[in-house]
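In what follows, a structure is listed as structure tokens, so that the remarks can point back to it.
Just so it is clear, none of the values below were taken in a lab; they were calculated from the coordinates. On a predicted model such as this, the values are computed, not experimentally measured, just so you know. Neighbour counts are summed over all protein chains in view; Cβ atoms, including those assigned to glycine, are modelled from backbone coordinates with ideal geometry.
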Amino acid sequence: MVVAAAVFLLILGVVAYTFLIRPQSMSDVTLKEKGSETAAQNTSFKNSISLESKPQENTSESKPAEANTISPILEPNPYISSKGKFQINAPKGWKVDESGQMGMDVIFKSSKIDKIGSTPFTANITVDTESTAGRDIRQCAETIKKGMPLIWPGYQLVEDKSVVISGHPAIVIGGKFAMKSQISKDSANARNLQLLVEDGRGILFTGTATALESTWNENKDLLESSLLTLKID
């Protein structure tokens, strides 16, 4: 069975010197141009922890994302990409990394460092752009949903809803998974939200917000609010 050209980029520990809990290999975390399901499986990572929560799916009708009023917990002035493709209001006080590490257009890093045993972890938001490979937004989302367990065995979908961003159809996907430190025996459960927006010209914009499951309740509104300010040209 041919695996579709990849439409997602998963970042869970983004930069080694800041986020030391991450997959065992970050050399190829996309499923771009893989020729077979076997090839895709070669990008999977071991040492995931089984998660107990059952997936919940919401495929309700698309509704516009209300982002006209910027939340006071976000930066009042949006970050505008150097290529002019998109803008987004980052959480207030978060650091901005435009180095292009791991192929990201931009990485926003929390100023708060969490601890998992002896290993530091920082909540983060990334934005990436890539080709849809001829897929519509729902096909992109389905490819991501099928591919995530290959990267994180035990990944469980907990959210799937349609929204509208900048007049374009978009989908929000949320998941639970486990990760293991590369520098210690520490491991932890994490959660993320991925906002997928297709610009009508074959480019997919993916905003991914990641935090520890233990801090998810306190971070969720901040992360989701920031993602929903994403605007594309």
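Note on Glu213 and Asp233: the extension gain reaches 3.9 nm, defined as 0.36 nm multiplied by sequence separation minus the Cα-Cα distance. Working from label points 7 Å from Cα in the Cα-to-Cβ sense, the Lys112 to Asp221 distance is 1.3 nm. Using the Cβ-Cβ distance between Gln101 and Val164 with R0 = 22 Å, the FRET efficiency computed as 1/(1 + (r/R0)^6) comes to roughly 0.10.
Applying the Karplus relation 6.51 cos²θ - 1.76 cosθ + 1.60 with θ = phi - 60° to segment 130-143 yields 3J(HN,Hα) values of 7, 6, 7, 6, x, 9, 7, 5, 5, 5, 4, 4, 5, 5 Hz, where x marks Gly and Pro. Specify the inter-centroid distance of segment 126-187 and segment 205-233, based on alpha-carbon positions, in whole Å. Computed from Cα coordinates, the inter-centre distance equals 13 Å. Label segment 122-161 by shape, choosing from rounded, prolate and oblate, from the square roots a ≥ b ≥ c of the eigenvalues of the Cα gyration tensor; if a/c is under 1.5 it is rounded, and otherwise prolate applies when a/b is larger than b/c, oblate when it is not. It is oblate, given that a/c is not under 1.5 and a/b is not larger than b/c. In terms of distances greater than 30 angstrom between alpha carbons, the cross-link table entries Lys92/Lys185; Lys109/Lys146; Lys112/Lys231 yield Lys92/Lys185.
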